[in-house]
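Asks: Quick one: the structure is below, and I'll ask about it shortly.
The values are calculated or read from the model by the stated rules, or taken from the named source; none is laboratory data. Quantities reported herein were computed from a predicted structural model and do not represent experimental measurements. Positions of Cβ are backbone-derived with ideal geometry, glycine not excepted, and every protein chain shown enters the neighbour counts. Ligands, DNA and RNA are excluded from the accessible area calculation, which covers all protein heavy atoms including side chains. Shrake-Rupley method; radii C 1.70, N 1.55, O 1.52, S 1.80 Å.
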Amino acid sequence: MKINILTLFPKMFEGFVSESIISRAIKFGAVEVNIIDIRDYCFDKHKQADDMPFGGGNGMVMKPEPLFLALENLSGKVIYTSPQGKTFNQEIAKELAKEEELTIIAGHYEGIDERVVENKVDMELSIGDFVLTGGELPAMVISDTIIRLLPDVIKKDSYENDSFYNGFLDYPHYTRPAEYKGLRVPDVLISGNHKKIDEWRLKESLKRTYLRRRDLIEKRELTKLEKKLLEEIKEEIKKEEV
Ligand code: SAM
């Protein structure tokens, strides 16, 4: 897969592409991350990428020409990071991970000229109901989420157990030592009984989702086992409340 990121601040991506799992994914060829400096498409003397808004008011607006020019050489879907977009989530990430090429535009200042949005952008994506100074962090958030779903970047059964992937939150995790300052890990996890461990994990996953994100349970059709475990959880919670 190829992810192009159009930005006025390419240096912000240096750490992103050179560290940890993303760096490894790039090295073994699962993804090519192409950071494009929008100023390379600004051909005036001062390489000006932004200008004052028509109609007056505060803040600058990113000019249309450099973005139109930069997009001319690129193929695939174009995403604009925007607080006004659809809220990004794991479902959207799964869909986007199927694309061969994607371009993400990181806005800055008041945002980009609306003509780019209307004529060149396929999807506006927000990372939440808050406003950042620029789209660079959202572009990293979106690409990171997509890249870890690409083949062989991380183990499939690892991301399949992650929160949201199957509609539930993840179960709790523990590592060595089995006892630390008198705090023990649940016995079942050191029992060696994998059937029991799987069931414990599923139940914990359901319990967390029921307690923290009931909306996710309502969206998801439950299997027979999940229904049974959920009933047990409700009973246990009732008993704890008494
Ligand atoms: N005037 C814009 C508005 O109120 O909708 C906000 C502009 S913001 C200061 C500058 C840029 O940051 C945006 O063009 C966008 O690319 C990015 N941005 C800010 N918050 C974002 C969010 N929650 N999700 C995605 N991108 C965001």
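Asks: Would you point out the residue of the stretch 95-105, among those that are touching a residue at least 24 places away in the same chain (Cβ under 8 Å) and under 22 Å from Ser163 (Cβ atoms), that is nearest to the ligand (Cβ to nearest atom)?
Replies: Kept after step one, since they are touching a residue at least 24 places away in the same chain (Cβ under 8 Å), are these residues of the stretch 95-105: 96-97, 99-105.
Cutting the leftovers down to under 22 Å from Ser163 (Cβ atoms) gives us 96-97.
Details: Leu96: 15, Ala97: 19 Å.
Here the answer is Leu96.
Asks: A further question follows. Quick one: in the stretch 57-89, which of the residues that are near the ligand (Cβ under 9 Å from one of its atoms) and within 18 Å of Ile146 (Cα to Cα) is most open to solvent (accessible area, probe 1.4 Å)?
Replies: Thr87
Asks: I've got another one for you. Kindly indicate the residue of the stretch 118-176 that is among the small types (Gly, Ala, Ser) and away from the ligand (no atom under 14 Å from the Cβ) and also least open to solvent (accessible area, probe 1.4 Å) among those meeting that condition. Even if it seems obvious, please write down each step before you answer.
Replies: Our first condition is that a residue be among the small types (Gly, Ala, Ser); within the stretch 118-176, this holds for 126, 128, 134-135, 139, 143, 158, 163, 167.
Okay, now just the ones that are also away from the ligand (no atom under 14 Å from the Cβ), so 158, 163, 167.
Numbers: Ser158: 54, Ser163: 38, Gly167: 19 Å².
Among those that are among the small types (Gly, Ala, Ser) and away from the ligand (no atom under 14 Å from the Cβ), it is Gly167.
Asks: Which one of the conditions (1) touching a Ser or Thr at 6+ places or on another chain (Cβ under 9 Å); (2) within 16 Å of the ligand (Cβ to nearest atom); (3) free of Cβ contacts under 8 Å to residues at least 60 places away in the same chain does His108 fail to meet, given that it meets all the rest?
Replies: (3)
Asks: (1) under 30 Å from Lys27 (Cα atoms); (2) small (Gly, Ala, Ser); (3) outside the structural domain of Glu19 (by the TED database): which one isn't true of Ser143, the others all being true?
Replies: So Ser143 meets the others, but not (3).
Asks: Then there's this: Is it the case that Ile92 is within 15 Å of the ligand (Cβ to nearest atom), outside any loop (DSSP other than H, G, I, E, B), surrounded by fewer than 18 Cβ atoms within 10 Å (Cβ to Cβ) and β-branched (Val, Ile, Thr)? Give the derivation first.
Replies: Values: within 15 Å of the ligand (Cβ to nearest atom): yes; outside any loop (DSSP other than H, G, I, E, B): yes; surrounded by fewer than 18 Cβ atoms within 10 Å (Cβ to Cβ): yes; β-branched (Val, Ile, Thr): yes.
In short, yes.
Asks: Give all pairs with beta carbons closer than 6 Å in which a residue from the stretch 132-146 that is touching a residue at least 40 places away in the same chain (Cβ under 8 Å) meets a residue that is part of a helix (DSSP H, G or I) and more than 8 Å from the ligand (Cβ to nearest atom); count only pairs at least 6 apart in sequence or on separate chains.
Replies: Final answer for the pair search is Glu136/Met12; Met140/Phe16; Thr145/Ala93; Ile146/Ala93; Ile146/Leu96.
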